Amino acid sequence: MRQTWVTPGGVHPPENKEQSLTQPIGSLPIPEKLVIPLGQHIGAPAIACVKVGDKVLKGQKIADPAGTVSAAIHAPTSGTITAVEARPVAHSSGMNALCVEITSDGEDQWVDKSGISDFEHTSPSALLSIITEAGIAGMGGAGFPASVKLNPGFQRPIDTLIINATECEPYITADDALIRERAQGIIEGIGILSHILGNPNDILIGIEDNKPEAIEALTPHIQDTGINLVSFPTKYPSGGEKQLIYILTGKELPSGQIPADIGMVCVNIGTTFAIKQAVVEGEPLIARVTTVTGEACEVNRNYDVLIGTPIAHVLKHNKFNSQRCSRVIMGGPMMGFSLTSKQIPIVKTTNCILAPSVEEIPHNEPAQPCIRCGMCAEACPASLLPQQLLWYSQAKDHERLQSHNLFDCIECGACSYVCPSNIPLVQHYRSSKSDIKKAQEEKVKSDQARERFEFRQQRIELAEKEREAKRAARREAAKQAKATTGTDSMADIVAAAQARTAAKKTSPEQELAKLERAVSSAEMRVQKAQDKLDTATAGSETEEKINILSAALSGAQQKLEKAKARLAEHSK
Amino acid sequence: MLDFIIQQPIIAALVALAGLGILFGALLGFAAEKFKIEGDPVIDQIDELLPQTQCGQCGFPGCRPYAESIADGDEINKCPPGGQSTINAIASLLDVPAPELDQEHGQEAEVKSVAYIREDECIGCTKCIQACPVDAILGAAKLMHTVIVDECTGCDLCVEPCPVDCIDMIPVETGIKQWQWPAPPLPNGLIATDKTHSDSNHEDAA
């Protein structure tokens, strides 16, 4: 028996897991329409690569990952794309986001798929690209793209691989059912992970002791594999990444670091199975096991559900009684959120659909003032001070919230659960967290704006200085010119002007050439006029015309005289 | 030396004290020169808190001049883009009571907006480029201009100079990524049973 450590805090809410485990994993008929959101994971939403009217086959890629931290999305069944538009999605905001709608053709016909039978002889990078292509995102709830998590880089060698089979939240039994029925596939998946991560020394499966059947199902498969199955006492929330690492290894993950920083990788057991399906069978992530439970459903069990199946379709097949139902929750009662519409689809991270009756999970009582009982501090698994955080959160004191490590809060809801005053503590923390993040983003933007503003000011100042310098230089030049000319009396100015014209005058040789040219051109003109007059008198031209021509001739002769006179004057 | 101290204790004490005074005076003088702080650090701190839209709604040509004026004792409630949160932050920095926003200078916008140029109407006069305090408008004379949306602070200083009115202030789209958790209502001191279930919130299962 391997040693385990005990985390601080934690609570023991009623488990309510047995009702959904009475039957094996079932399957649902394919819904008529599937709505597949493009943002089902942490990171940038995928970019649709199909358009309305396209025919797609089951497993065909319908959206490409946008950047590194993103995941591809595939068609869960064959059919036609009937819409690419914003629809309500599984998000606490109840807002719409871009989705692809597929109208099923009922044939469920697979695209050509091929798996790898001997992954040991395939390079880890090739396996990682298969995982990227298969669009696998963490199926425990956060939805972090698996290929990013499994590629920590050379600087961070991994010596411990932790498989998270804790499933600590009440009602949820998706992982439990998966282990019971598909233990073989899970172990194969762990083999693939271990190969990708360079065969870490320690491979641990962490599981709570409230799943004896699952432990029994796994035990025969881990013989001689080097995998350690570690069971530990049930407590909520043992399944948080930081908590599980502490329980299994006794190491605390420092604030603000990821497990890879201390040589660990923590993967949900459902993700492990999905990776096996992708690598060995060549099937992308298009379906998952989801628990459908709660008193408002007559049938409580686990289903293999296609991603994109509307919740309404799932509930319809479970004899859902909307009269008894207080609200439909996606996820568990501790960390889940109420859905605003039953048309919201199942996504990669949906491990549970909870439809409780009003008696089962009553509406929240109104919050009352804090009585400083300190029960929240005892329940906090991250050893934070929930009460202090509440005051600072209400006062919007971001500095103190951060110095009290608000960002180490895993939002497990244990503090709200124990609070005798029904204060929705987690909601306060979530709100403060998003406030702080927004303030930080704004700070970055305002710093950028300041920098640009200051740069612009500097540039304008510089330009102004340059202009000023030019002006000064001109003034200086004018002053100097004044100084050289000395006193500026009228006579001086006239003399200066005469000097300028003298400077402009052409040399005598040029002048002579010019005059000679004028004389010769005048001679030519006289000659031409004489010719014209001769032809006119020889022909039968009118008197008038002859008069005009003789006048032109005499004019040309006068000009020639003038030019000759000027030339003679110059030659003197 | 010792004899002098014993014989003239008062004079010796005075001399010693005067000597110490001169020594520490020199030390302080040296430190004041050596560790002199350029400018007023309070101005920088206030400037850090201002939103840097450079919009001039406060009546100063930019955020820094307003920060300087605040350091000189001006009112701290003249910044509509910063809104109440900026006023509170400056108030807590300066340790003064936080007043409400002075409506004379404008109202706090609920949604941030940025400028958009209707590009086919732009005549390329560069007037908006000259007006933009953060160089967020790109273009040249007689060529179409466009706003670099990521750099626009939403100050709307470019709207007024445009001779063809082709600049619009459009609210920034908020999608699922920008969504923020709302803060839960504060406990109002009611007795729990006075409240009906219908008006209790339906948010989370706890």
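All of the numbers you see were taken from the coordinates with simple rules; none came from a lab. Values in this document were obtained by computation on a predicted structure and should not be read as measured data. Virtual Cβ from ideal backbone geometry, glycine too; neighbours counted across all protein chains shown.
Does at least one position in region B:43-61 carry a residue that is loosely packed, with under 11 Cβ neighbours inside 10 Å and either under 21 Å from the mean Cα position of the chain (by Cα) or more than 30 Å from B:Thr86 (Cα to Cα) (or both)? Give the derivation first.
First pass over region B:43-61, keeping only residues loosely packed, with under 11 Cβ neighbours inside 10 Å: none.
Looking for residues that are loosely packed, with under 11 Cβ neighbours inside 10 Å and either under 21 Å from the mean Cα position of the chain (by Cα) or more than 30 Å from B:Thr86 (Cα to Cα) (or both), one finds none in region B:43-61, hence no.
If you take the residues in region A:433-470 that are of a type in the set (S, T, N, Q) and more than 21 Å from A:Gln394 (Cα to Cα), which one is nearest to the other protein chains (Cβ to nearest Cβ)? Let's see the steps before the verdict.
To start, the set of residues in region A:433-470 that are of a type in the set (S, T, N, Q) comprises A:434, A:440, A:446, A:448, A:457-458.
Imposing the further condition that a residue be more than 21 Å from A:Gln394 (Cα to Cα) reduces the set to A:446, A:448, A:457-458.
Details: A:Ser446: 4, A:Gln448: 7, A:Gln457: 8, A:Gln458: 11 Å.
That would be A:Ser446.
Are there any pairs with C-beta distances below 7 angstrom linking a residue in region A:312-337 that is within 14 Å of chain B (Cβ to nearest Cβ) to a residue that is charged (D, E, K, R), with the two at least 6 apart or on different chains, and if so which?
A:Val328/A:Lys342; A:Gly332/A:Glu169; A:Met334/A:Glu169; A:Met335/A:Glu169; A:Met335/A:Glu411; A:Phe337/B:Asp204
How many of the residues making up region A:101-122 are touching a residue at least 60 places away in the same chain (Cβ under 8 Å) and either under 22 Å from A:Gly53 (Cα atoms) or outside any loop (DSSP other than H, G, I, E, B) (or both)?
Residues flagged as touching a residue at least 60 places away in the same chain (Cβ under 8 Å) and either under 22 Å from A:Gly53 (Cα atoms) or outside any loop (DSSP other than H, G, I, E, B) (or both) within region A:101-122 amount to 8.
Report yes if some residue within region A:425-432 is more than 31 Å from the chain's Cα centre (by Cα), polar (S, T, N, Q), closer than 15 Å to A:Ala367 by Cα and within 10 Å of another protein chain (Cβ to nearest Cβ); otherwise report no.
Checking region A:425-432: not a single residue is more than 31 Å from the chain's Cα centre (by Cα), polar (S, T, N, Q), closer than 15 Å to A:Ala367 by Cα and within 10 Å of another protein chain (Cβ to nearest Cβ).
Would you point out which residue out of B:Cys128, B:Cys122, B:Cys158 is of a type in the set (A, V, I, L, M, F, W, C), away from chain A (no Cβ under 12 Å) and in contact with a helix residue (DSSP H, G or I) (Cβ under 7 Å, 6 or more places away or on another chain)?
None of the other options fit; the residue is B:Cys158.
Take the residues in region A:77-100 that are in a loop (DSSP other than H, G, I, E, B) and touching a Ser or Thr at 6+ places or on another chain (Cβ under 8 Å); name whichever of them is surrounded by the most Cβ atoms within 10 Å (Cβ to Cβ).
Pass one, region A:77-100, residues in a loop (DSSP other than H, G, I, E, B): A:77-78, A:89-95.
Applying the additional criterion that residues be touching a Ser or Thr at 6+ places or on another chain (Cβ under 8 Å) yields A:77-78, A:90, A:94.
Working: A:Thr77: 26, A:Ser78: 21, A:Ala90: 20, A:Gly94: 16.
Filtering first and then ranking leaves A:Thr77.
In region A:168-196, what residues are part of a loop (DSSP other than H, G, I, E, B) and in contact with a Phe, Trp or Tyr (Cβ under 7 Å, 6 or more places away or on another chain)? Lay out the reasoning, then the answer.
Of all residues in region A:168-196, those part of a loop (DSSP other than H, G, I, E, B) come to A:168-173.
Matches in region A:168-196: A:Cys168, A:Glu169.
Taking interchain pairs and intrachain pairs at least six residues apart, which have beta carbon atoms under 6 angstrom, with the first residue in region A:353-369 and farther than 27 Å from A:Asn300 by Cα and at the interface with chain B (Cβ under 7 Å from one of its Cβ atoms) and the second in a loop (DSSP other than H, G, I, E, B) and of a type in the set (S, T, N, Q)?
A:Glu365/A:Asn422; A:Pro366/B:Ser200; A:Ala367/A:Asn422; A:Gln368/A:Ser421
Can you tell me which residue within region A:85-134, out of those that are within 14 Å of another protein chain (Cβ to nearest Cβ) and polar (S, T, N, Q), is nearest to A:Lys58 (Cα to Cα)?
So the residue we want is A:Asn96.
Can you spot a residue in region A:56-71 that is in a strand (DSSP E or B) and of a type in the set (Val, Ile, Thr)?
yes
I need the full set of residues from region A:340-351 which are within 27 Å of the chain's Cα centre (by Cα) and more than 11 Å from every other protein chain (Cβ to nearest Cβ), in order please.
A:Ser341, A:Gln343, A:Ile344, A:Pro345, A:Ile346, A:Val347, A:Lys348, A:Thr349, A:Thr350, A:Asn351, listed by residue number.
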